[in-house]
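Everything on this sheet refers to the single structure shown next.
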Amino acid sequence: MVQPQPRPEMSLRISARTDYAVRAAAELAAGAGGLVKGEQISAAQGIPLKFLLNIMTDLRHARIVRSHRGSEGGFQLARAPENITVADVIRAVEGSIPTIQNAHPDELRYSGPAEALREVWLAVQATLESLLGAVSLADLASGSLPPSIRAMAASVIC
């Protein structure tokens, strides 16, 4: 009897910084527009507070979140959660999606048999941008992802 071969897994490295930023932003999206203290986000998502506060600074500079000081202060999204995508959050903390050896794919040049690899990396970038740009923070917070995203996820899980 022939045993089915396991499907080889490919992995995409998502930094802790990126994962934490998207989770923190989703937590704010679920907060119904009110102020949420950093300590609450940290506890709810298991993100070290100091790391979270650094991430929130990046998100504030990118105008994704607003912060309010004082005992009644906290963080809130700067725009409606349906108008902020996962791609927006990732760009705020990482710069661009993706980089290869700290370079943007369109900056790379290869020679010989690897020359076409630049186009492959550009296609990977376009696919990631499209996928991550199709998911808003409102989608994450509500758990109702676009059907195309659910279908892609289901095809990998099976």
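Read the figures in this text as sums done on the coordinates, not as results from a lab. These numbers come from a predicted model, not from an experiment. As a convention, Cβ positions derive from the backbone with ideal geometry for all residues, glycine included, and neighbour counts pool all protein chains shown.
The longest part of the chain holding none of the exposed loop trypsin sites (Lys or Arg not before Pro), meaning those outside H, G, I, E and B in DSSP with at most 10 other Cβ atoms within 10 Å, is 14-68.
A Förster radius of 35 Å, combined with the Cβ-Cβ distance separating Ser111 from Arg79, puts the computed FRET efficiency at roughly 0.20. A Stokes-Einstein calculation at 20 °C with viscosity 1.002 mPa s, built on the Kirkwood radius of the range 31-155 over Cα pairs, returns a diffusion coefficient of 129 µm²/s. Split the chain at each of the GluC sites (Glu not before Pro) in a DSSP loop with at most 10 other beta carbon atoms within 10 Å, and the longest piece is 10-71. Two tests apply to each whole DSSP H helix in the chain, Cα reach of 20 Å or more along its axis and mean Kyte-Doolittle hydropathy of at least -0.5, and the ones passing both are 16-30, 117-133.
Basic side chains Lys and Arg get +1 at the Cβ, acidic Asp and Glu get -1 at the Cβ, and with that the dipole of the chain about its Cα centre reaches some 340 debye.
Across the range 16-157, the mean sequence separation of Cα contacts (distance under 8 Å, 6 or more residues apart), normalised by length, yields a relative contact order of 26 percent.
Remark: relative contact order (the range 39-96) = 25 percent; criterion is Cα-Cα distance under 8 angstrom and separation of 6 or more residues.
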